[in-house]
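Undergrad: Starting off with a structure, shown below.
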Amino acid sequence: MADQQPTLRIGSWARSGQLLGLVAAMDDDTVTLFDPGQRQQAQVLRSLAEPVPAGAVTVTVRVQLPVPHGVDETVLRRWVATLTDEVVRERAYAALAEAGLDEGAALPVVTVDVEPVASGSVCLCGARTPVPPGTQLQCAACGRTAVGAPLALK
């Protein structure tokens, strides 16, 4: 069943004070919010957790790199992850500079594009369901919150 207003359930977004995070666990009294960007979690009273709307988007990360033949995919993923996280990127640059090494490995420019999904809802488990934009529903595959494309992308 689709909701027009955000509902507090596993996989939905909620705010409590300054913390905005995914609902990672909940019971009758408490909610655990996880902020994936800051890698922080907090347990709050359920009455203090305010559901917030979400919209399904596709995030595309682009970077041009000189990659040798045979490089392991894990190594490549870690390098790109380092480049997309400004804190880690700055630390890597500083460590290379401090060691007197070429900082080039920390220099490639990364672009991040965010676009609304073309259609349907997206759930953290990867399931897709046809819904109109601005809709959220409980995912039939896993029970988490699935959301449709945002009504507007700022």
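The values are calculated or read from the model by the stated rules, or taken from the named source; none is laboratory data. These numbers were taken from a predicted model, which means no experiment stands behind them. Please note: Cβ atoms are built from the backbone with ideal geometry, for glycine as well, and neighbour counts cover all protein chains shown.
Undergrad: For region 43-63, enumerate the residues that are touching a residue at least 60 places away in the same chain (Cβ under 8 Å) and not β-branched (Val, Ile, Thr).
TA: Correct list: Pro53, Ala54, Gly55, Ala56.
Undergrad: I'm told Ser47 meets every condition in (1) in a strand (DSSP E or B); (2) not assigned by TED's automatic domain parsing to the domain that holds Val109 except one. Can you identify the failing condition by its number?
TA: (1)
Undergrad: Restricting to region 105-148, name every residue that is farther than 25 Å from Thr84 by Cβ, among the hydrophobic types (A, V, I, L, M, F, W, C) and more than 17 Å from the chain's Cα centre (by Cα).
TA: Answer for region 105-148, where residues must be farther than 25 Å from Thr84 by Cβ, among the hydrophobic types (A, V, I, L, M, F, W, C) and more than 17 Å from the chain's Cα centre (by Cα): Val131, Leu137, Cys139, Ala140, Ala141, Cys142.
Undergrad: Six or more apart or on different chains, Cβ under 7 Å: which pairs go from a residue in region 68-81 that's free of Cβ contacts under 8 Å to residues at least 40 places away in the same chain to one that's part of a helix (DSSP H, G or I)? Could you list them?
TA: If the second residue must be part of a helix (DSSP H, G or I), no pairs are left.
Undergrad: Mind counting the residues in region 109-145 that are in a strand (DSSP E or B) and either in the same structural domain as Val61 (by TED's automatic domain parsing) or not small (Gly, Ala, Ser) (or both)?
TA: We begin by selecting, within region 109-145, every residue in a strand (DSSP E or B); these are 110-116, 121-123, 128-129, 136-138, 145.
Then drop every residue that is not either in the same structural domain as Val61 (by TED's automatic domain parsing) or not small (Gly, Ala, Ser) (or both), which leaves 110-116, 122-123, 128-129, 136-138, 145.
Qualifying residue count, region 109-145: 15.
Undergrad: Considering only residues of region 79-108 that are part of a helix (DSSP H, G or I) and exposed (fewer than 11 other Cβ atoms within 10 Å of the Cβ), which is modelled with the highest pLDDT?
TA: Initial filter on region 79-108 (part of a helix (DSSP H, G or I)): 79-84, 86-98, 103-106.
Then drop every residue that is not exposed (fewer than 11 other Cβ atoms within 10 Å of the Cβ), which leaves 86-87, 98, 104.
Details: Glu86: 89, Val87: 90, Glu98: 97, Gly104: 89.
My answer is Glu98.
Undergrad: Tell me, which residue of region 48-80 that is over 23 Å from Glu115 (Cα atoms) and small (Gly, Ala, Ser) is farthest from the chain's Cα centre (by Cα)?
TA: Applying the filter and picking the extreme gives Gly70.
Undergrad: Of everything in region 30-42, what is of a type in the set (S, T, N, Q) and either touching a residue at least 40 places away in the same chain (Cβ under 8 Å) or under 19 Å from Arg144 (Cβ atoms) (or both)? Give them in sequence order.
TA: Passing the criteria: Thr30, Thr32, Gln41.
Undergrad: Separate question: Name the single residue, out of those in region 121-144 being of a type outside the set (Val, Ile, Thr) and touching a Ser or Thr at 6+ places or on another chain (Cβ under 6 Å), that is farthest from Pro6 (Cα to Cα).
TA: My answer is Ser121.
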